[in-house]
1. With 15 Å as the cut-off, how large is the P(r) tail for the range 18-82, expressed as percent of Cα-Cα pairs?
2. Find the all-direction average of the projected area of the Cα convex hull for the range 1-41, expressing the result in square nanometres with one decimal place.
Amino acid sequence: MDSTLASREMVVEMCDVVAERAARVAGAGIVEMIKKLGRLEKKMRIVIVEGGLYDHYRVFRNYLHSSVLEMLGDEFPDHVVTEHAHGGSGAGALFFVACCNAKI
């Protein structure tokens, strides 16, 4: 199927808008969970992110990082670091359960 350059550019722009929105929603969830757990005080926190979108789509990863930094503001500019969890959703679920049960 043939497409015009203009239609392909529009699809790319729409994908970018969706990726930015998804990253901002994910970033808001990360920041809010850390704040709710009271884990932000003067310590760096590492958040494990699982998924191919984060791992393979650099634009999404950059949007996520920038949204977390924006939401943390000047008070905690670099206290949250996101890292990709290698090992699939099973490993991510184990990390989540371990953190919830240990209440760290």
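Derivation of every value follows stated rules applied to the coordinates shown; laboratory data play no part. Just so it is clear, the structure is predicted and the values come from calculations on it, not from any experiment.
1. More than 15 Å apart: 46 percent of the Cα pairs in the range 18-82.
2. 3.7
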